[in-house]
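Notes to accompany the following structure.
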Amino acid sequence: MNDEVREDNQSQTGELEISFGSHLGYLDLIQELSEKISLMAGFDEDSRFWIGLSLRESVVNAVQHGNKLDEKKKVGIRFESLSDRLIIYVQDEGEGFEETDVPDALDPENLLKPSGRGIFYVRSFMDEVCYKILPEGGCEMRMEKRLNQEKQGDGNEH
Amino acid sequence: MNIDTRSVNGVTILDIHGKITMGEGSRGIRDKVRETLEGGDKNIILNLGDVSYIDSAGIGELVSSYTTVTNQGGQLKLLHLTDKIEQLLAITKLTTVFDFFDDEATAVGSFS
């Protein structure tokens, strides 16, 4: 990680990028990575949980719906840890989707459906979420969690 | 994930241990619920107190189990929700669908 430790040692900034073939077997590993990076960034336990869950849901979305479980297609994740927030990009090689096409998880007609909540959770637990179709092909989800210094821990808890 | 089955006063309690996630065989709950229904027991409690992690696929599994039991004329209730599971259910309005309890005796008694 290309990192830079702040003088107060409260949080660590930097970038990390990984790429892997579309396989759900990597989910736990990715979540552990998210836990570690969000801890270094200074997020408290609750926020780390929701960041990890949001990343997990977006990777499942990229693997299943973007890359359609084709292991030859890659999923890329980039963590950008800034002094006041963590930004995570999840990229796949799919055709993308219209946000308006994602069914409303709260619609009474959808409440008892077994799937369709993943992206809703990402939107609920991250501060900002957006998508874009990349000019070189593929789709990228960008999600951001802001660090609230008053509420967060010192990044050194276990 | 693994599941222990026990019966208390005619109610089948499925004690679920570990993760209920995509890729962790979350379908195991649905299969165990089906098995319970096929055995003639229609009053089922899912005890989630020892669930270490759940994602949207796991929440979907709870919903799927609920609809399967309800469609067979039975009842499925939840016991010992962790804070995180309760938040995930609440934010998707599923706390309006499920009956859930903090106490096993109360949960078992609620069927009669």
Original post:
Quick one: in segment B:58-112, which of the residues that are farther than 25 Å from B:Glu38 by Cα, assigned to a helix (DSSP H, G or I) and in contact (Cβ under 8 Å) with a residue 24 or more places away in the chain is most open to solvent (accessible area, probe 1.4 Å)?
Top reply: B:Lys84
Original post:
If you check every pair at least six apart or on different chains, which have Cβ atoms under 8 Å apart with a residue in segment A:87-116 that is closer than 20 Å to A:His23 by Cα first and a residue that is open to solvent by 90 Å² or more (accessible area, probe 1.4 Å) and assigned to a loop (DSSP other than H, G, I, E, B) second?
Top reply: A:Gly94/A:Lys68
**OP:** Being over 13 Å from the mean Cα position of the chain (by Cα), assigned to a strand (DSSP E or B) and surrounded by fewer than 16 Cβ atoms within 10 Å (Cβ to Cβ) is the filter here, so list the residues in segment A:119-145 that pass it.
**Re:** A:Lys132, A:Ile133
Original post:
Within segment B:70-101, which residues are in contact with a Gly (Cβ under 9 Å, 6 or more places away or on another chain) and within 13 Å of chain A (Cβ to nearest Cβ)?
Top reply: B:Thr82, B:Ile85, B:Leu88
Original post:
Since A:Gln64 meets every condition but one in (1) polar (S, T, N, Q); (2) out of contact with any helix residue (DSSP H, G or I) (no Cβ under 9 Å at 6 or more places or on another chain); (3) surrounded by fewer than 20 Cβ atoms within 10 Å (Cβ to Cβ), which condition does it not meet?
Top reply: (2)
Original post:
Taking A:Val59, is it in contact (Cβ under 8 Å) with a residue 40 or more places away in the chain, within 12 Å of another protein chain (Cβ to nearest Cβ), among the β-branched types (Val, Ile, Thr) and assigned to a helix (DSSP H, G or I)?
Top reply: no
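Residues of segment B:45-57 being crowded, with 18+ Cβ neighbours inside 10 Å and under 24 Å from A:Leu24 (Cβ atoms), which ones? If you could, list the steps in order and put the result at the bottom.
So in segment B:45-57, the residues crowded, with 18+ Cβ neighbours inside 10 Å come out as B:45-48, B:51, B:53-57.
The answer is B:Leu46, B:Leu48, B:Val51, B:Tyr53, B:Ile54, B:Asp55, B:Ser56, B:Ala57.
The values are calculated or read from the model by the stated rules, or taken from the named source; none is laboratory data. Computed from a prediction, not measured in an experiment: that's the story for all the values here. Neighbour counts are summed over all protein chains in view; Cβ atoms, including those assigned to glycine, are modelled from backbone coordinates with ideal geometry. Just so you know, the surface numbers come from the protein's heavy atoms only, side chains and all, with ligands and any DNA or RNA stripped out. Shrake-Rupley method; radii C 1.70, N 1.55, O 1.52, S 1.80 Å.
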